[in-house]
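Shown next, in structure tokens, is the structure this report addresses.
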């Protein structure tokens, strides 16, 4: 318990340190909040026909536009994931995720991709309405790749969609255990709370 709290504190500290440390090197800096829906499932080697479940995600993001054709967008988000195994069994898994994304913008539209690191915060297996805690049967870390598209039709208001593909078997360290990987489609709405922009970069918004 204490170890998890210490790890979360380190992650939060690292996230904000990296963001603030890069402001002086950036042509543009955004700090915002985001929330939306998850459509999550799991690919389980020994089980076919798993279906998606709907959850939510919420968190904060920063965008650091470098003096290049792209920028970096680190995020910190709480994410509700899992899968529906059959008509009576639902697996709900919660993560604290840290995507670190490369972002390239074309006017109000941007594409972003990169790795995502996840830390397990909770896991429940519910059979016929009876919940069982299965957190100790899953690995505490996850690793995924992210590919997404965002649009900012109105200044500071952002709509995003992304595909998150898990690359790591999260079952446990037993090589004979079910190979289980997360897959998530995310749709979110975000709002930029703080926007700092270099005066020279304003002249070339299409390259932001």
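The values are calculated or read from the model by the stated rules, or taken from the named source; none is laboratory data. None of the values given here were measured: they were computed from a predicted structure. For neighbour counting, all protein chains shown are included, and Cβ atoms are generated from backbone atoms with ideal geometry for every residue, glycine included.
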Inspect all residues belonging to the stretch 112-130 and state whether any of them is without any contact (Cβ under 8 Å) to a residue 60 or more places away in the chain and in a loop (DSSP other than H, G, I, E, B). yes
Counted residues, the stretch 34-63 - those being crowded, with 18+ Cβ neighbours inside 10 Å and more than 17 Å from the chain's Cα centre (by Cα): 1
Which residue pairs have Cβ atoms closer than 8 Å, lie 6 or more positions apart in sequence or on different chains, and pair a first residue in the stretch 144-161 that is at positive phi with a second residue that is at pLDDT 95 or above? 156/32; 156/191; 156/192
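Which ones in the stretch 58-97 are closer than 15 Å to residue 148 by Cα and assigned to a strand (DSSP E or B)? Show your work before the answer.
Going through the stretch 58-97, the residues closer than 15 Å to residue 148 by Cα turn out to be 61, 63, 70-75.
Within the stretch 58-97, 61, 63, 71, 72, 73, 74, 75 qualify.
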Check off (1) over 19 Å from the mean Cα position of the chain (by Cα); (2) within 20 Å of residue 53 (Cα to Cα); (3) touching a residue at least 60 places away in the same chain (Cβ under 8 Å) for residue 185 and give me the number that stays unchecked. (1)
Check on residue 165, surrounded by 14 or more Cβ atoms within 10 Å (Cβ to Cβ) and closer than 17 Å to residue 120 by Cβ: no
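Quickly run through the stretch 61-72 and pick out the residues that are touching a strand residue (DSSP E or B) at 6+ places or on another chain (Cβ under 8 Å) and without any contact (Cβ under 8 Å) to a residue 40 or more places away in the chain.
Within the stretch 61-72, the subset touching a strand residue (DSSP E or B) at 6+ places or on another chain (Cβ under 8 Å) is 61-66, 69-72.
Listed by number, the list holds a single entry, 70.
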Test residue 11 against the stated conditions and say whether it is touching a strand residue (DSSP E or B) at 6+ places or on another chain (Cβ under 7 Å), at pLDDT 60 or above, part of a loop (DSSP other than H, G, I, E, B) and surrounded by 13 or more Cβ atoms within 10 Å (Cβ to Cβ). no
Residue check for residue 101: more than 28 Å from residue 48 (Cβ to Cβ) and touching a helix residue (DSSP H, G or I) at 6+ places or on another chain (Cβ under 7 Å): no
Looking at the stretch 84-122, which of its residues are at positive phi and modelled with pLDDT under 95? 107
